[in-house]
Each structure stands twice: as C-alpha cells, then as structure tokens.
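Please read the structure below before turning to the comments.
A short reminder: the numbers here are calculations on the coordinates, not readings from a lab. Note that the structure is predicted; figures quoted are calculated from it, not measured. Every residue, glycine among them, receives a Cβ derived from its backbone with ideal geometry; neighbour counts consider all protein chains shown.
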Amino acid sequence: HAQYKLGTLYASTQKSHVLAVKWFKKAAKQGHAGAQSKLCIMYGNGCGVKKDQIRAMKWCKKAAEQGFATSQFDLGFGYANGNGVEKDELQAVVWYELAAEQGHAGALCNLGHLYENGSVVNDFKKAVDFYRQAAEQGLVEAQYNLGVLTANGKGVPKDLACAMKWFNQSAEKGYAKAQYTLGQMHEGGLFHDTHNDYFFRSAYSFFRSSRINSDETRVAAIDLVCAMKWYRLAAEQGYAEAEYKLAYGYEKGVGVTQ
C-alpha cells in the first residue's frame, strides 16, 4: 500500500513524524492493518501527534480485529494494565491468546505470567508451556521465568540442570535477573563448571539468602569468581542487589582482586 509505505518512510525520520501520521491515517481509514498498528504506536508515544492512549487503543483494536498479531498483543497489554482501556484481565487473555496462536513471543510470555500468578486462574503447567514456547524463540524474560519454575518444580518436574540451561541462555543475552541468579547459584556452591557441564554439589535452594564468607569451605574459589562475574554484569545494568553483592565482594576481597 503506497500510503502506508510513504508513512513508514516519513516515520523513519524524526522530523517527519507529523507527515507520517498523515499518511498512516489515510491508509488506516482504508483498512490497512499495518497503518492502524503504526497509529497505535504514534498516539501511544506522542510521535507527530499529541499523546493519547485512548486513540492509540482505538487504532490498535481495529488492527487486532483484522488478525494483526502485534496489535493483538498490544491490545492485550492495554487490557492487562488499563492503558487506554478499562483494565480487564479476561480480555487481556483473549487477545494474548489470539496473538500467541500466531507465535507472538511477547504474548506467550505474558500468558505464562498471568497463569503463573493466578491473575485469571493459577495453572503452573500452562505457564510452563507458554514460557517454553516463548523461550524457544529466544525471549530472555521467558527463558528466565521458565528457569525459575523448573528450579522450583512448579508445573514441571524439578530439574536444576535444565533450569541452569535457561538461566544461562537468558543471562548470556544480557538479562540482569538471570545474571544475578547465576551469581547466587555460583556463590552458594550449587555446582561447578567442568567442560561446560554442570554438576550440582548440594541440594541447597538457590533462593535462600546466601552470604559471601571466605571461611565457608563449601564454596570453591572458582565458583566465587564466576559469581562475581555475573554480579558485575547485572550491576552494570543497575541491578541493585547485584551492586550490593559486587561491592561486598570487593570489600572482603572475595572472588575479585581488591
């Protein structure tokens, strides 16, 4: 659609957002789902037009009703959080599920979150299924959440090795929560790394509050070095708990060079 393409061209230049809105509107009024979705973004962010969440959701719904997965996800998010529409978690599930049926990773992850926390109905097995589908697409939040449920045996048999796999995938892509969790697990002496295979040395829960203590012989030095590595990566993103752990490590000279 020429009008949509023209709007996309103008949208790529910040100074031309007003013109982008103009052409998106022309295309959207003719039923172009992509243009309707773009208008949702433009109104939602106040780009080229006054910020207006209600108008944003209006255009979002038009695109969603045409089966546009991104808009179905955005509409679900709007209902889940009360952005531009009245908060309605049942409606959020409806639209998330429609987007999820098209493989939308964000919708799959958010459905997992809703089922995990019982916002609609508490179902850990469904949460695991949705998280796994999103995790397999590489969504870092889903990988982390799947790791948490797997480590705790919720909705799936407890499997720390499998949980570690998901934590590592998430952490290596820069997800701070996963990096911090890996730091905790290394600090707690839960495993050591040999040729990239993980062998767990205790049944301690990684959710326990573990302290850095140079007198505790149960933690190998290499584990503390690894712990500090992950804490540092999380701290560099402003993760407060990791900043504390890293500072404490430097103070005590544990796992780092003072």
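Odds and ends about this structure:
- Sequence-distant contacts, meaning Cα pairs under 8 Å at least 6 residues apart, place the relative contact order of the chain at 8 percent.
- Gain upon complete extension [GLU251, LYS154; 0.36 nm per residue less C-alpha separation]: 31.2 nm
- Segment 95-137 - percent relative contact order, Cα under 8 Å, separation 6 or more: 36
- Spin-label pair GLU136/LYS87, simplified geometry with 7 Å Cα→Cβ offset, distance in nm: 3.4
- Cβ-Cβ FRET estimate between LYS173 and LYS51, R0 fixed at 25 Å, reported to 0.05: 0.20
- Partner lysines whose Cα lies under 18 Å from the Cα of LYS126, excluding those fewer than 8 positions away in the same chain, are identified as LYS154, LYS158.
- Taking 0.36 nm per residue of separation and subtracting the Cα-Cα distance, full extension of the segment from LEU9 to TYR244 would add 80.0 nm.
- Of the residues SER37, ALA142, PHE24, the one whose Cα sits farthest towards the positive end of the charge dipole of segment 22-142 is PHE24 (charges of +1 on Lys and Arg Cβ, -1 on Asp and Glu Cβ, taken about the Cα centre).
- Structure-based [θ]222 nm, the chain - -39500 (n - 2.57) summed over DSSP H runs of at least 4, per residue, nearest 500: -20000 deg cm²/dmol
- Each Lys and Arg contributes +1 and each Asp and Glu -1, all at the Cβ; summed about the Cα centre of segment 103-173, the dipole is approximately 120 debye.
- Dipole check for the chain: with +1 at the C-beta of Lys and Arg, -1 at the C-beta of Asp and Glu, and the Cα centre as origin, the magnitude is about 1240 Debye.
- Among THR13, THR8, THR150, THR70, sorting on how many other beta-carbon atoms sit within 10 Å of each Cβ, with the fewest leading, yields THR13, THR8, THR70, THR150.
- Here each label is just a point 7 Å from Cα along the line to Cβ, and for GLN66 and LEU19 those points are 2.3 nm apart.
- Note on GLN237 and LYS58: the model spin-label points, each 7 Å out from Cα along the C-beta direction, lie 3.8 nm apart.
- When each of LYS22/LYS61; LYS51/LYS229; LYS87/LYS245 is checked by Cα-Cα distance, pairs over 31 Å: LYS51/LYS229; LYS87/LYS245
- Computed over segment 30-88: relative contact order in percent, which uses C-alpha pairs under 8 Å that are six or more apart: 29
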